[in-house]
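Visitor: First the structure, which I've put down as structure tokens, then a few questions once you've had a look.
Read the figures in this text as sums done on the coordinates, not as results from a lab. All of these numbers come straight from a predicted model, not from anything done at the bench.
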Amino acid sequence: MDMADEAIRVRGLRKRYGAVTALDGVDLGIRQGEVFGVLGANGAGKSTTMEILQGHRSRDAGEVTVLGRDPASGDGNGVPGSASFGRMNPPRPS
């Protein structure tokens, strides 16, 4: 797949919560205009992956680009996690 066609590119994505490995080397490529679903059991890392793609959660390792930008870098104002890709779900009440 040509990188220029990819809306989302993930390579070697890793995330741990203490002793628990949530994501261990995820690779993913989604082309512009492609419809893509993420399925898996509870605890499989679906929400963690989406939150990293949206810039709402940090990753421990790996490369992530969404529309050619790293969501961890923010929207250009220097504030990590402030990329304006939108939330898939409303925030949960505290």
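Visitor: Expressed in nm to one decimal, what extension gain is obtained for the pair Gln32 and Lys46 from 0.36 nm per residue of sequence separation less their Cα-Cα distance?
Guide: Net length gain for the segment: 3.0 nm.
Visitor: Quick one: Karplus J couplings for segment 39-44, per residue in order, coefficients 6.51, -1.76, 1.60, θ = phi - 60°, nearest Hz, x for Gly and Pro?
Guide: Per residue, the Karplus-derived 3J(HN,Hα) values read 10, x, 5, 4, x, 7 Hz.
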